[in-house]
Amino acid sequence: MSGRSTRIGAVLALLALPALAADKVPPVVTQDAEGEAAIVGGNSDRAAREAKEAALRSAVEQVAGVLISSQSLAVNSQLVSDQVYSHSAGYVQSYEVLSQTTERNVVKVKVRAKVGTAALDKDLQAVQALVRRLQGRKLIILLQEQTIDDKGVATSSGVTSTVLTDAFKRDGWTIIDPSFAAGKVKVSSAVSLGATEAKEIGTLSKADYILYGTAAFRDVPPDGVLVQPNQPRTAFPLTGDYDFGVFETSAGSQLAKVSGKLRSAMNDVSVNSRQESAFTLVRAHQDEITGEVRKAVMESLRASEQNGARIVVEVQGVGDFTTLQAFRQQLPVWSAQVREAGSPSLSGGNGKLEVTYLGTAERLAEQIDGKALGKRKLSVTGVSSNALEVKLGK
């Protein structure tokens, strides 16, 4: 059984546990747990070590089940796994191995672990806060993909976008349909997307984040095994590479670069088509790609909690620049969480400015909705995670 299967099974078991208030949990909980790992290349010592680590992780997961509700974990169990369970050893104060057996090339280990609950509870609460902030975040995937055969003929493909769209949906993201970009956005390498273009894509799509870049797949040259020299192909092994950027749309900034190389494994090669091989190849790497994107977004969210999030405020009907400046100066008066109101722009009687705010756009909307600028009343007419639309009455 793979480590991923073991982790998923443990999470499902965890979700079945009843949730108790943290103040009813002792500072140290003794928990029995089991883990297993396959022996690869005859290395039984490594398998035993991995099985023990899996058992300790399972013990931590079970203790965590009494600290937070099943519903919270179900929202994004992968996020909890990435941020908490991957560091299980840090919560285990001591342990003893109760048994170790080997059966059918699989090592199974049972442990009794003493798990400290204070640090675990603190970290779980922090992850829950991030889960709540991730809910409703909108992502648009804009990729240029092509498959190049052994004759150098390139064919456009949408395999990577399809696989990643499904993966991000399972991760709790709202995925924006990229069809709006047809004829409006030219996709090339991630480094070519500037802040202005990223902001424009955000404005057009209402997305909070962009995954942007290129992916390419190529035939593996004849190897005498899967592909015979000078013979028609009966299988379609591929190599590939991807070069993506993760962008935040309110400021147009690039949060991270996600790139890597791919190669078909023997058991992943399609005998039907290159597209089928490409689909299997991307799916085998989807977790590492989504994990890098998630990591970048979470780091951005943490930074915004400390330094303030950038929120684009559009003011309709403001009329003239003097009134727009008055609106800008009044924002910190209406909300003490406004750290900075950037230089405004005015076009056609409507204004726009970027605000650095310690909180969410929804909270800022609540604070300014219904306020008066002189004799003119403000109404919030639109809210997204990083933008507000405000109408100034006559």
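The values are calculated or read from the model by the stated rules, or taken from the named source; none is laboratory data. What you are looking at is a predicted structure, and each value in this text was computed from that prediction instead of being measured. Here the Cβ positions follow ideal geometry from the backbone for every residue, glycine too, while neighbour counts run over all protein chains shown. Each accessible area value is taken on the protein alone, full model and side chains, heavy atoms only, with ligands, DNA and RNA left out. Shrake-Rupley method; radii C 1.70, N 1.55, O 1.52, S 1.80 Å.
Odds and ends about this structure:
- In the range 322-379, the qualifying residues are those that are assigned to a helix (DSSP H, G or I) and touching a residue at least 40 places away in the same chain (Cβ under 8 Å), and the one that is most open to solvent (accessible area, probe 1.4 Å) is Gln330.
- Residues of the range 1-28 that turn out to be modelled with pLDDT of 90 or more and under 18 Å from Lys110 (Cβ atoms), as a count: 0
- Scan of the range 263-288 for residues that are among the aliphatic types (A, V, I, L, M), surrounded by fewer than 18 Cβ atoms within 10 Å (Cβ to Cβ) and within 28 Å of Ser192 (Cα to Cα), ordered by number: Ala284
- Candidate set: the range 256-276, residues that are β-branched (Val, Ile, Thr) and outside any strand (DSSP E or B); chosen: the one farthest from Val293 (Cα to Cα): Val271
- 1 or more residues open to solvent by less than 40 Å² (accessible area, probe 1.4 Å), out of contact with any Phe, Trp or Tyr (no Cβ under 9 Å at 6 or more places or on another chain) and at pLDDT below 90: qualifying helices (runs of 4 or more DSSP H) within the range 44-92: 70-75, 77-83
- Qualifying residue in the range 124-140 (condition: within 24 Å of Thr360 (Cα to Cα), β-branched (Val, Ile, Thr) and modelled with pLDDT of 80 or more): yes
- Residue match in the range 290-312 (condition: more than 30 Å from Ser385 (Cα to Cα) and either assigned to a helix (DSSP H, G or I) or open to solvent by 40 Å² or more (accessible area, probe 1.4 Å) (or both)): no
- Annotation: Met266 fulfils all but one of (1) over 29 Å from the mean Cα position of the chain (by Cα); (2) under 26 Å from Pro221 (Cβ atoms); (3) at pLDDT 90 or above; the unmet one is (3).
- Within the range 146-174, the set of residues being surrounded by 19 or more Cβ atoms within 10 Å (Cβ to Cβ) and assigned to a strand (DSSP E or B) comprises just one member, Thr147.
Conditions tested, residue by residue: (1) free of Cβ contacts under 8 Å to residues at least 60 places away in the same chain; (2) assigned to a strand (DSSP E or B); (3) open to solvent by 10 Å² or more (accessible area, probe 1.4 Å).
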site: Leu204; (1), (2), (3): yes, no, yes
site: Pro232; (1), (2), (3): yes, no, yes
site: Phe244; (1), (2), (3): no, yes, no
site: Phe247; (1), (2), (3): yes, yes, no
site: Ser250; (1), (2), (3): no, no, no
site: Gln254; (1), (2), (3): no, yes, yes
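- Just one of the listed residues (Ser156, Ser192, Ser205) is at pLDDT below 90, under 30 Å from Val312 (Cα atoms), among the hydroxyl-bearing types (Ser, Thr, Tyr) and more than 20 Å from the chain's Cα centre (by Cα), namely Ser192.
- Which numbered condition Ala387 misses (of (1) over 10 Å from Gln316 (Cα atoms); (2) surrounded by fewer than 17 Cβ atoms within 10 Å (Cβ to Cβ)): (2)
- Qualifying positions in the range 364-394 - within 23 Å of Val297 (Cβ to Cβ) and not small (Gly, Ala, Ser): Leu364, Val383, Asn386, Leu388
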